[in-house]
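Participant: Got a structure for you, written out below as structure tokens; questions coming shortly.
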Amino acid sequence: MDATNSQLLELLCEEHPFTRAEAWELIRSAPKRYKVHFIEKRNGRGRRLIAQPTAELKTIQRWIVNKFIAPLPVHDVAMAYRPGKNIADHARSHAGNKYLLKIDFKDFFPSIRARDFTRHIVKHLGVNTRLASELALLLFRKDENKRLSLSIGAPSSPSISNTLMYEFDCKLSEYCKENEITYTRYADDLALSTNKPHQLDKANEYIRELLNCVKYPRIMINPEKTVFTSKKFQRQLTGLILSSEGKVSLGRERKRLIRVMADHYRKEKLDPNLHTQLKGWLAFSLSVEPDFVRNIRALMGEEYYSKLISIDVKVATEQLIPADDET
């Protein structure tokens, strides 16, 4: 076992209750420590593979994020998985512009490979390749083709995807700034907007060229989900409505649903299984339309509202938002 291996083992054993043998076995077997299942995509688009690491591996992945991933660069245009930014900020950035282009990446997380991470961490942190490769073993799983790829379900995957998109985000942001275009990215959902006609057609072509030029990761656009729209039509972005007045809204249908659920909760007629969902909706709505939440609070009354808010809910509010699609 060389000095590099000893370095990683020492770090694991120093901060976790592992022997050297246990730590090495964890590194060696990590890509196989995932429970795989499928969930149905929205709108009948097929099934999505979810690969969740074991509890022990999740703990190690969170440790790696704090120790190694957190110092890596993430561009300001990245709106997902970051403290102080959310899906409403992503939508709000484009609400005032007339023309909107939405682009979605195909198989975003699974397209990101362990070799991409290795190159990135060596480049930006200056660690040696062997250490970076063994860290990757703890973060990536073996897919059906025996390749090490990023999984949907690991707590480390969002942070890794954000920093690995840094070069792409830098170059696209620079292009957009030069051409008076606003650009933000929410995971695999790209949004570009402007008030200048025909600019987004050129930007669409530039993005395709850029994807062929960036060194990593090698990702592709989902052509079925590329959408051009303008204020002449109802504009939706990651599940939120962009109004013609330049504001962001939950949308009438969603607000009607929340209002009905709140009324049923007040009358003690709401299915208990939906209580946490209602709390999640209200928590998210507070960042989008706080006046609407104040009205719901008045409808429910302080006693019932306080009772609902005290429920322990572990589901991220962003998981409740029916975006155009999911990563």
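The values are calculated or read from the model by the stated rules, or taken from the named source; none is laboratory data. Just so it is clear, the structure is predicted and the values come from calculations on it, not from any experiment. With ideal geometry, Cβ positions are generated from the backbone for all residues, glycine too; neighbour counts draw on all protein chains shown. Accessible surface areas use protein heavy atoms only, side chains included; no ligands, DNA or RNA. Shrake-Rupley method; radii C 1.70, N 1.55, O 1.52, S 1.80 Å.
Participant: Does the range 169-188 include one or more residues that are part of a loop (DSSP other than H, G, I, E, B) and under 18 Å from Ile64 (Cβ atoms)? Before the answer, list the steps.
Facilitator: In the first step, residues of the range 169-188 are kept if they are part of a loop (DSSP other than H, G, I, E, B); the result is 179-181, 187-188.
Adding the requirement that they be under 18 Å from Ile64 (Cβ atoms) leaves none.
No - not one qualifying residue is present in the range 169-188.
Participant: Limited to the range 269-291, what total is found for residues that are farther than 24 Å from Asn97 by Cα and either within 25 Å of the chain's Cα centre (by Cα) or modelled with pLDDT of 95 or more (or both)? Write out each step before concluding.
Facilitator: We begin by selecting, within the range 269-291, every residue farther than 24 Å from Asn97 by Cα; these are 269-283.
Restricting the remaining residues to those that are either within 25 Å of the chain's Cα centre (by Cα) or modelled with pLDDT of 95 or more (or both) gives 269-271, 274-283.
Total meeting the criteria: 13.
Participant: Related question: Does Ala114 meet the test of being open to solvent by less than 50 Å² (accessible area, probe 1.4 Å) and at pLDDT below 95? Walk me through it before giving the result.
Facilitator: On the way: open to solvent by less than 50 Å² (accessible area, probe 1.4 Å): yes; at pLDDT below 95: no.
When the stated conditions are applied, Ala114 does not pass them.
Participant: I'd like the full set of residues that are among the β-branched types (Val, Ile, Thr) and touching a residue at least 24 places away in the same chain (Cβ under 8 Å), limited to the range 166-215.
Facilitator: Of the residues in the range 166-215, the ones among the β-branched types (Val, Ile, Thr) are 181-182, 184, 194, 207, 214.
Passing the criteria: Thr182, Thr184, Thr194, Ile207, Val214.
Participant: How do the strands (runs of 3 or more DSSP E) wholly within the range 192-290 filter down when requiring 1 or more residues that are of a type in the set (Ser, Thr, Tyr) and either within 28 Å of Leu150 (Cβ to Cβ) or open to solvent by less than 30 Å² (accessible area, probe 1.4 Å) (or both): which remain?
Facilitator: On the way: elements: 227-230, 235-237, 240-242.
Where strands (runs of 3 or more DSSP E) fall fully within the range 192-290 and carry at least 1 residues being of a type in the set (Ser, Thr, Tyr) and either within 28 Å of Leu150 (Cβ to Cβ) or open to solvent by less than 30 Å² (accessible area, probe 1.4 Å) (or both), they are 227-230.
Participant: Is there any pair linking a residue in the range 146-158 that is on the phi < 0 side of the Ramachandran plot and open to solvent by less than 10 Å² (accessible area, probe 1.4 Å) to one that is of a type in the set (Asp, Glu) and in a loop (DSSP other than H, G, I, E, B), with Cβ under 7 Å and at least six apart or on different chains, and which?
Facilitator: Filtered contacts from the range 146-158: Ser149/Asp143.
Participant: While we're looking at this one, here's another question. Looking only at the range 242-256, how many residues end up being without any contact (Cβ under 8 Å) to a residue 60 or more places away in the chain and not charged (D, E, K, R)?
Facilitator: Step one: list which residues in the range 242-256 are without any contact (Cβ under 8 Å) to a residue 60 or more places away in the chain, which gives 244-245, 249-256.
Subsequent filtering for residues that are not charged (D, E, K, R) retains 244, 249-251.
Counting residues in the range 242-256 that are without any contact (Cβ under 8 Å) to a residue 60 or more places away in the chain and not charged (D, E, K, R) gives 4.
Participant: Evaluate the range 112-120: report whether one residue or more is under 28 Å from Lys177 (Cβ atoms), in contact (Cβ under 8 Å) with a residue 40 or more places away in the chain and either of a type in the set (Gly, Ala, Ser) or in a loop (DSSP other than H, G, I, E, B) (or both).
Facilitator: The answer is yes, given that some residue of the range 112-120 is under 28 Å from Lys177 (Cβ atoms), in contact (Cβ under 8 Å) with a residue 40 or more places away in the chain and either of a type in the set (Gly, Ala, Ser) or in a loop (DSSP other than H, G, I, E, B) (or both).
Participant: A further question on this structure: Within the range 137-145, is there a residue that is open to solvent by less than 10 Å² (accessible area, probe 1.4 Å) and either part of a helix (DSSP H, G or I) or within 20 Å of Phe105 (Cβ to Cβ) (or both)? Before you say what the answer is, go through the steps one by one.
Facilitator: Initially, the range 137-145 is screened for residues open to solvent by less than 10 Å² (accessible area, probe 1.4 Å), giving 138-140.
Within this subset, residues satisfying the condition of being either part of a helix (DSSP H, G or I) or within 20 Å of Phe105 (Cβ to Cβ) (or both) are 139-140.
Yes, because at least one residue in the range 137-145 is open to solvent by less than 10 Å² (accessible area, probe 1.4 Å) and either part of a helix (DSSP H, G or I) or within 20 Å of Phe105 (Cβ to Cβ) (or both).
Participant: Right, something else. Would you check which residues across the range 146-168 are outside any helix (DSSP H, G or I) and either at pLDDT 95 or above or touching a Lys or Arg at 6+ places or on another chain (Cβ under 9 Å) (or both) and list them? Reasoning before the result, please.
Facilitator: Of the range 146-168, the ones outside any helix (DSSP H, G or I) are 146-156, 165.
Scanning the range 146-168 gives Arg147, Leu148, Ser149, Leu150, Ser151, Ile152, Gly153, Ala154, Pro155, Ser156, Met165.
Participant: Let me ask something additional. So Asn162 clears everything in (1) surrounded by 21 or more Cβ atoms within 10 Å (Cβ to Cβ); (2) more than 30 Å from Gln52 (Cα to Cα); (3) in contact (Cβ under 8 Å) with a residue 40 or more places away in the chain except one condition, right? Which one?
Facilitator: Every listed condition holds for Asn162 apart from (2).
Participant: Here is a check on your reading of the model: is Ser133 part of a helix (DSSP H, G or I), farther than 23 Å from Ser29 by Cβ and either among the polar types (S, T, N, Q) or open to solvent by 40 Å² or more (accessible area, probe 1.4 Å) (or both)?
Facilitator: Details: part of a helix (DSSP H, G or I): yes; farther than 23 Å from Ser29 by Cβ: no; either among the polar types (S, T, N, Q) or open to solvent by 40 Å² or more (accessible area, probe 1.4 Å) (or both): yes.
Against the criterion (part of a helix (DSSP H, G or I), farther than 23 Å from Ser29 by Cβ and either among the polar types (S, T, N, Q) or open to solvent by 40 Å² or more (accessible area, probe 1.4 Å) (or both)), Ser133 does not qualify.
Participant: Name the single residue, out of those in the range 7-45 being over 21 Å from Leu131 (Cα atoms) and β-branched (Val, Ile, Thr), that is modelled with the highest pLDDT.
Facilitator: From the range 7-45, those over 21 Å from Leu131 (Cα atoms) are 34-45; that's our starting set.
Filter again for β-branched (Val, Ile, Thr), leaving 36, 39.
Values: Val36: 92, Ile39: 87.
Selected residue: Val36.
Participant: Identify the residue in the range 117-130 that is farther than 13 Å from Ile27 by Cβ and of a type in the set (Lys, Arg) and, among all such residues, is surrounded by the fewest Cβ atoms within 10 Å (Cβ to Cβ).
Facilitator: As a first pass, look at the range 117-130 and keep what is farther than 13 Å from Ile27 by Cβ: 117-129.
Remaining after also requiring of a type in the set (Lys, Arg): 119, 123.
Numbers: Arg119: 17, Lys123: 14.
Selected residue: Lys123.
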